[in-house]
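> Quick one: the structure is below, and I'll ask about it shortly.
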Amino acid sequence: MQKESRSNGAGRRAALFGRSRSTLANRAYAQIRDEILRGNLAIGDVLSRRKFAKILHMSFVPITEALQRLESEGLVESRPRIGTRVRIPSEEDIRGSYEIREALEAQSARLCAARMTDGEKESLKKGAEHLDRLYQAGQSEADPVFLYSVHTYHMGFHMRIAEFARCPGLSRAIEKEQVLIFNWLFDTSARRTVPPLRFHSKLAAAICSGNVLRADEAMRSHIRYGLDIVLKHFSNLEVSNAWRSRKPVS
């Protein structure tokens, strides 16, 4: 009986330790991911486990777990005995992300145009106008916190279109593929932050017209805008990049 009690106690302690480590790893993941998406950690920056452990007051174990999760999501990359860094996407990665987003969001726009209510149309138009004002304000705003909030609102605007499409599976697919996050990251890195005047208002008007084909075309054009700028930026990064070709230390 005493032996069983000790065994149960050890099991509880192990479970508590596991939950604690998992909580720390989740916190490290959220904070590092947030730093990347805010642009405080730029694409190509080397990530130091020792530095994160010191800043976050954690051991290497939860930091390592957090970086492994970020690597599985494509935000960071590692090489044995060389290190980990914020991932520099290839041209194939970027084109693939844009193509997935175009396919998902064009369908979202089509369904939204066909199914949204009058109240939702007004909500989408107002949201688009507000987003355009935020982007224009961001043209002279250097505060990274403000720019982060603009990108967050932008993501919310596109997810609202998916919500009004009334296809939960489509919304989940957009979130699961993280296409909005990756396009946001590409834009931030390439400094493609100020779209044309009324960029989102024109998209909202096309969707709210109720014309499915017009909504589809407007969304595809909206997503493709600036792709060439992003590709050129990352092409220059790859040309000057020696990290992938560096040989591991023997």
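> So which of 117, 84 ends up being farther than 19 Å from residue 209 by Cα, polar (S, T, N, Q) and either free of Cβ contacts under 8 Å to residues at least 60 places away in the same chain or buried (at least 17 other Cβ atoms within 10 Å of the Cβ) (or both)?
Matching residue, one of 117, 84: 84.
> Before we move on, is residue 126 surrounded by fewer than 14 Cβ atoms within 10 Å (Cβ to Cβ), among the basic types (Lys, Arg) and not assigned by TED's automatic domain parsing to the domain that holds residue 166?
Taking the combined requirement at face value, the residue does not satisfy it.
> Restricting attention to region 194-225, which residues are surrounded by fewer than 15 Cβ atoms within 10 Å (Cβ to Cβ) and closer than 30 Å to residue 40 by Cβ?
194, 196, 197, 224, 225
> Can you pull out the helices (runs of 4 or more DSSP H) entirely within region 2-109 that have at least 2 residues that are modelled with pLDDT under 90?
2-38
> Ok, one more. Report the residue count in region 176-201 for those that are β-branched (Val, Ile, Thr) and in a helix (DSSP H, G or I).
The number of residues fulfilling the criteria is 3.
> Given the criterion within 16 Å of residue 233 (Cα to Cα) and touching a strand residue (DSSP E or B) at 6+ places or on another chain (Cβ under 6 Å), identify the matching residue among 95, 87.
Just a single option satisfies the conditions, and that option is 87.
> Within region 182-189, is even one residue of a type in the set (Gly, Ala, Ser) and surrounded by fewer than 17 Cβ atoms within 10 Å (Cβ to Cβ)?
No, because not a single residue in region 182-189 is of a type in the set (Gly, Ala, Ser) and surrounded by fewer than 17 Cβ atoms within 10 Å (Cβ to Cβ).
> Of all residues being buried (at least 18 other Cβ atoms within 10 Å of the Cβ) and under 24 Å from the mean Cα position of the chain (by Cα) in region 50-63, which is farthest from residue 34 (Cα to Cα)? Just the residue, please.
Looking at the filtered set, the residue picked out is 62.
> Let me ask another. Could you check region 160-175 and list, in sequence order, the residues that are part of a helix (DSSP H, G or I) and under 13 Å from residue 113 (Cβ atoms)?
Matches in region 160-175: 161, 162, 164.
> Go through region 136-159 and give me each residue that's out of contact with any Ser or Thr (no Cβ under 8 Å at 6 or more places or on another chain), assigned to a helix (DSSP H, G or I) and more than 17 Å from residue 201 (Cα to Cα).
Across region 136-159, the qualifying residues are 144, 145, 146, 148, 149, 152.
> Any chance region 154-172 includes a residue that's within 19 Å of the chain's Cα centre (by Cα) and modelled with pLDDT under 90?
Scanning region 154-172 turns up no residue that is within 19 Å of the chain's Cα centre (by Cα) and modelled with pLDDT under 90.
The values are calculated or read from the model by the stated rules, or taken from the named source; none is laboratory data. None of the values given here were measured: they were computed from a predicted structure. Here Cβ is always computed from backbone atoms with ideal geometry, including for glycine, and neighbour counts include all displayed protein chains.
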